[in-house]
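**Q** My questions all concern the structure below.
The values are calculated or read from the model by the stated rules, or taken from the named source; none is laboratory data. In this text the structure is predicted, and so the values were computed from the model without any measurement. Every residue, glycine as well, gets a Cβ built from its backbone with ideal geometry; the counts of neighbours run over all protein chains shown. Keep in mind that these areas ignore ligands, DNA and RNA; they rest on the heavy atoms of the full protein, side chains included. Shrake-Rupley method; radii C 1.70, N 1.55, O 1.52, S 1.80 Å.
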Amino acid sequence: MDIHHPDLHPLFAEHMATLTQRSDAALAKAGFDHLLIPAGNLHYQFLDDRDYPFCVNPQFKHWLPVTNAPGSWLVYTPGRKPKLVFLQPADYWHVVPEAPAGYWVEHFDIIIIREAEEALAHLPKDTDRCAIIGETGSALGPVVPNNPQAVIDHLHYHRMCKTAYELAMMRVASKIGARAHRAAEAAFRNGASEFDIHMAYLASARQTEHELPYSNIICLNEHAAVLHYHSLQHAPPAHRHSFLIDAGASFHGYASDITRTHSADTGDAFQGLINDMDAMQQHLCARVRAGQDYAALHVDTHRLLGGILNQHGFIRMSAESAVEAGVTSTFFPHGLGHPIGLQVHDVAAFAADESGKSIARPDGHPYLRMTRTLEPGAVVTIEPGLYFIDMLLAKLKDDTALAREIDWQRVDAFRKFGGIRIEDDVVCTEGEPENLTRDAFAAVGQR
């Protein structure tokens, strides 16, 4: 997408109208007159002069596509045009942020400052009437983040439903991620190491590690059994059995989150297992509909997985029995997915309403990341998995009664593959869901 495409002008105007409406309601409810959002500041490593990569306040980038302007502020007062106090320091040590430009600037009164302290002259003086949302390190003199919970709860609850502008940004992030996934698979097929696959991904995405929405998970063989594997071996393994990649991309502050699993031998039993997991995952994606209880969809995933475990000879018990006994959790220990948007694990996943009330996880599923009922505009990941994790399998084997229901010879034969995870980002609409990930792969020429 060309970021100056004229179609973005009406989309962004509608986005701004939505944000101001939500902010008006949140401020009125909590009794504040102004909303202040600092972009955030650089942080330095302990006993060193090296700064950590800057990570912008997600509340700040919700208002405008600026992700690298530490020391800047967003000021909104109901009934007035939002104000951007933009820090463009006089600095010859670092690259100075470019002056704001593009499709979005007409919606803000923009003030350029050269020193961080100059922002004080442009912020409301009655700080007790301000809802200031940011990290503690963003304080500037008397302007200290107070993070009123009522304001945050209201804004977070409604952030679940994306505007048309936000969905446009996420479609681009998905295409960047899909293109890079294709490059990563090609590197795997050519015998590359985990490190070299990672570098192929970065080169295709044209994003640095710090620009990605999260650290890539690049797993060969049994490393796929480590859910958050980041070790990146530099040498290729002696034998290649499988490849799992969980990696996304960023665009204007919005994230994609994509996982694919590949077999080195596309005709082996592991590929057959991948195919059945893929079919199950697509079935689950199709159920991302308005009114769908996400927690219930997660529980249904365990029933479907129990059927696959039985079908492929890993368990002798029925799918229902495997779920009731907790056996499926040995093979699928994480949740079905999470909201995604400005953050990879986006906010208000457990919110019952805008007041801060929450919806508990179902018993026996402590790692589920979302329990909300889906609404049009919500974007969620659907990422079922099936893993051969030594620690969890050992625990299952210690249960004499349940251990008899497992074909351990079959399980042992699959440990070398590590596991399978397949993940798409899916939009809940008024009708058929929109699968951002599958659409993106189709656009770049791969499933």
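**Q** Quick check, is Ala290 hydrophobic (A, V, I, L, M, F, W, C) and open to solvent by less than 50 Å² (accessible area, probe 1.4 Å)?
**A** Details: hydrophobic (A, V, I, L, M, F, W, C): yes; open to solvent by less than 50 Å² (accessible area, probe 1.4 Å): no.
No.
**Q** Check whether at least one residue in region 315-323 is under 21 Å from Asp425 (Cβ atoms) and either modelled with pLDDT of 95 or more or surrounded by fewer than 18 Cβ atoms within 10 Å (Cβ to Cβ) (or both), and report yes or no.
**A** No.
**Q** Now for a different question. Can Thr328 be described as without any contact (Cβ under 8 Å) to a residue 40 or more places away in the chain and open to solvent by less than 10 Å² (accessible area, probe 1.4 Å)?
**A** Here the answer is yes, as Thr328 does meet what is asked.
**Q** Let me ask something else about it. Could you look through region 266-282, keep only residues that are free of Cβ contacts under 8 Å to residues at least 24 places away in the same chain and either closer than 12 Å to Ile420 by Cα or in a loop (DSSP other than H, G, I, E, B) (or both), and pick out the one that is nearest to the chain's Cα centre (by Cα)?
**A** Asn275
**Q** Also, quick follow-up: I need every pair where a residue in region 104-133 that is assigned to a helix (DSSP H, G or I) has its Cβ under 6 Å from the Cβ of a residue that is surrounded by fewer than 13 Cβ atoms within 10 Å (Cβ to Cβ) and among the small types (Gly, Ala, Ser), sequence separation at least 6 or different chains.
**A** Leu120/Gly141
**Q** Give region 360-379 a look and list any residue that's closer than 30 Å to Phe270 by Cα and either more than 15 Å from the chain's Cα centre (by Cα) or open to solvent by 60 Å² or more (accessible area, probe 1.4 Å) (or both), or say none.
**A** Scanning region 360-379 gives Gly364, His365, Pro366, Tyr367, Arg369.
**Q** While we're on this one: Out of the residues in region 156-171 meeting the condition of being part of a helix (DSSP H, G or I) and out of contact with any His (no Cβ under 8 Å at 6 or more places or on another chain), tell me which one is surrounded by the most Cβ atoms within 10 Å (Cβ to Cβ).
**A** Met170
**Q** Kindly establish whether Ala187 is touching a residue at least 60 places away in the same chain (Cβ under 8 Å), under 27 Å from Phe251 (Cβ atoms) and of a type outside the set (Phe, Trp, Tyr).
**A** no
**Q** Across region 141-154, what is the total count of residues that are surrounded by 20 or more Cβ atoms within 10 Å (Cβ to Cβ), closer than 18 Å to Thr18 by Cα and touching a strand residue (DSSP E or B) at 6+ places or on another chain (Cβ under 9 Å)?
**A** Qualifying residue count for the region: 2.
**Q** Do the conditions hold for Lys397, that is, is it among the basic types (Lys, Arg), free of Cβ contacts under 8 Å to residues at least 24 places away in the same chain, touching a strand residue (DSSP E or B) at 6+ places or on another chain (Cβ under 8 Å) and farther than 30 Å from His154 by Cα?
**A** In short, yes.
**Q** Out of all the residues in region 31-42, which are modelled with pLDDT of 95 or more and open to solvent by 30 Å² or more (accessible area, probe 1.4 Å)? First the steps, then the outcome.
**A** Start the filter on region 31-42 by keeping residues that are modelled with pLDDT of 95 or more, which leaves 31-41.
Within region 31-42, Gly31, Phe32, Asp33, Asn41 meet the criteria.
**Q** Further, regarding this structure: What number of residues within region 224-247 are closer than 26 Å to Ala173 by Cβ and outside any loop (DSSP other than H, G, I, E, B)?
**A** Of the residues in that region, 6 qualify.
**Q** Next up: Only one of these is touching a Gly at 6+ places or on another chain (Cβ under 8 Å) and either under 30 Å from Val288 (Cα atoms) or at pLDDT below 95 (or both): Gly377, Gly419. Name it.
**A** Gly419
**Q** Which one of the conditions (1) over 20 Å from Leu155 (Cα atoms); (2) at pLDDT 95 or above does Val56 fail to meet, given that it meets all the rest?
**A** It is condition (1) that Val56 fails.
Matching residues to (1) among the small types (Gly, Ala, Ser); (2) open to solvent by 40 Å² or more (accessible area, probe 1.4 Å):
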residue	(1), (2)
Gly341	yes, no
Thr381	no, no
Asp390	no, yes
Gln409	no, yes
Phe417	no, no
Pro433	no, no
Arg438	no, no
Phe441	no, no
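**Q** Then there's this: I need the full set of residues from region 186-233 which are acidic (Asp, Glu) and crowded, with 22+ Cβ neighbours inside 10 Å, in order please.
**A** First pass over region 186-233, keeping only residues acidic (Asp, Glu): 194, 196, 209, 211, 222.
If the condition is that a residue be acidic (Asp, Glu) and crowded, with 22+ Cβ neighbours inside 10 Å, then Glu194 is the only one that fits.
**Q** Also, quick follow-up: Can you tell me which residues in region 392-407 are closer than 28 Å to Ala296 by Cα, open to solvent by 60 Å² or more (accessible area, probe 1.4 Å) and not acidic (Asp, Glu)?
**A** Lys395
**Q** Here's something else I'd like to know. State which residue is farthest from Asp33 (Cα to Cα) when the search covers only region 74-107 and only residues that are of a type in the set (Val, Ile, Thr) and at pLDDT 95 or above.
**A** Looking at the filtered set, the residue picked out is Val105.
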